[in-house]
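Below is one structure, written out as structure tokens; the observations come after it.
Each value in this text was obtained by applying a stated rule to the coordinates, not by laboratory testing. Since this is a predicted model, take the numbers as computed values, not measurements. Virtual Cβ from ideal backbone geometry, glycine too; neighbours counted across all protein chains shown.
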Amino acid sequence: MSVIDELIRIEQVARDLDGEAPDGALSRGELAMLREDFGANASNKVAQNAVTQVPVDDVALNRAVLMTTDHTFSHLLDDWTVTNQKMTGRCWMFAGLNLFRVGAMRKMNLKEFEFSQNYILFWDKLERSNYFLEAIIETSDRSLDDRTVGFVLDRPLEDGGQWNMFVNLVRKHGLVPKAAMPETESSSNTRRLNSLLYYKLREGARTLRTLFANGAAGSELREAKRDIVAAIHRILCIHLGTPPETVQWQWTDEDGEFHRDDEMTPLEFAERYITIPLDEYVCVVHDPRPTSPFNQTFTVEYLGNVVGGAMVKYLNVEADVMKRLAMDAIVGGEPVWFGCDVGKMMQRNLGVWDVNLFEYGPLYNTDFTLTKAERLAYHETLMTHAMLFTGVDVVDGQPRRWRVENSWGDENGHKGYFVMNDNWFEPYTFEIAARKSSLPLDLQAALDLDPIVLPAWDPMGALAR
């Protein structure tokens, strides 16, 4: 018997006699065995020497993947520069506006154009504040310890969002060119603004719940809510500027010809320069959990921003269906808005995604075996980022890799564009916005099914958080 085995035996005897150590505690003998086993493996020492000196991703990087990945595509749509969401979570807005600007640039004969991201941010913060306060009124008869109430209070309004939420804002408030409402310090770095809004909204929640507990009627609650919304509006105007009620837009196009529009409201500007049919677009997702049947619609409780706007509604499909819809759209000349778990198997500087990009298994001498469904169930994956597909490399009718327009500026990847090898699509891509008419007829019919309501904390709502 080894010294360590004897230590373990003696500890077990002592534990049985005095009952002091709880079941499951790591004993000194077990810790000694772990240390001995680690030190006996020369590969562990080499890995330790490397990872203690340089980032682990540099050690685990699979160069064979990099050597077989390039930025060439059989179908490429973009010839414009990328945008930059800076220190914010506005990816879903940027991806949506980047989709819109493609048609706007073609219509105006411009190589570069941006809609105002700050304008959409302002209205999302105000509308979502109202949405939050309505949720507080609706749940005011529940305890503060109720899981849904606690979740709503934890997430009053963050920067993230969903495709349907983006469309709700555009339909209600329109769009303006970036020059009409440019970025501010707070729109490019929302942390402090958000913290102040959180305080006022939670304070507002206290006020509304106290009024309800004291027997206030619904009309009294909404009268109090108006004062809270007014304070939020004031804070937003100070940080982001006041949204314009009309815009006058003029430009010189690529041929040197000058143009000037008549004065327009933001809704009129959006109607003129959004060239895709918004009502045609639906959210198609891939959620392979056993509890999430395919060809069925879903929504997430308290996931939204505009009271009275369209709900966030997903149609769950097989991964190959979602992939085919995205590929066909790009081949047809239209970029695709999508949501994914961006940080997994990504090399940011080079702008590459591949499921085999990092060889963590050999480095740590262990396996990483969770499926996509299991990663969702066990909180290992969720939607974290929205971007735009602007190209695809098709070989024998199948996608080999995807071109991605990110919104992190032009310092990473290929001047801000990333390349996604196709093996990454199914494990880490969750959602696209697709034209309803592009879906097979059975899936078009499935869109009319009553949605299954997932709880507010379900990972399929994570992009808005």
Item to check | DSSP beta bridges in segment 281-422 [antiparallel fraction, %, rounded to 5] | outcome: 80 percent
Checklist entry - If you rank 237, 283 by fewest surrounding Cβ atoms within 10 Å, what's the result? => result 237, 283
Next on the checklist: Looking only at the chain, where both bridge partners belong to it, what percent of the DSSP beta bridges are antiparallel (to the nearest 5)?
Outcome noted: 80 percent
Item to check | Matching label, Rg/Rh (Cα atoms, Kirkwood Rh) computed from the structure shown, candidates [x] 0.92; [y] 0.96; [z] 1.04 | outcome: [z]
Next on the checklist: Give me log10 I(q)/I(0) at q = 0.25, 0.33, 0.34 Å⁻¹ for segment 415-454, Debye formula, one equal scatterer per alpha-carbon, no solvent.
Outcome noted: -0.97, -1.07, -1.08
Checklist entry - Could you put 318, 114 in order, starting from the residue whose Cβ has the fewest other Cβ atoms within 10 Å? => result 318, 114
Item to check | Cα shape, segment 24-151, gyration tensor, a/c 1.5 rule | outcome: oblate
Next on the checklist: Helix 191-213 against the longest principal axis of the chain: what's the angle in degrees, Cα atoms only, rounded to the nearest 10?
Outcome noted: 90 degrees
Next on the checklist: Strictly over 24 Å apart at the Cα level, which of 313/415; 111/415; 125/372; 86/415 would you flag in this model?
Outcome noted: 313/415; 125/372
Checklist entry - In segment 319-406, which chymotrypsin sites (Phe, Trp or Tyr not before Pro) fall in coil by DSSP and have 14 or fewer other Cβ atoms within 10 Å? => result 368, 378
Item to check | Likely footprinting exposure, 306, 284, fewest C-beta neighbours within 10 Å first | outcome: 306, 284
Item to check | Residue-averaged [θ]222 nm for the chain, counting only DSSP H segments that reach four residues, each worth -39500 (n - 2.57) | outcome: -13000 deg cm²/dmol
Checklist outcome for this item: With 0.36 nm assigned to each residue of separation and the Cα-Cα distance removed, residue 70 to residue 278 gains 71.5 nm
Item to check | At most 15 other Cβ within 10 Å, DSSP loop - GluC sites (Glu not before Pro), segment 342-444 | outcome: 359, 380, 411
Checklist outcome for this item: Reduced to Cα centres, the span from segment 24-75 to segment 79-148 in Å works out to 39 Å
Checklist entry - If one computes the Cα centroid of segment 149-175 and of segment 238-285, what distance in Å separates the two points? => result 21 Å
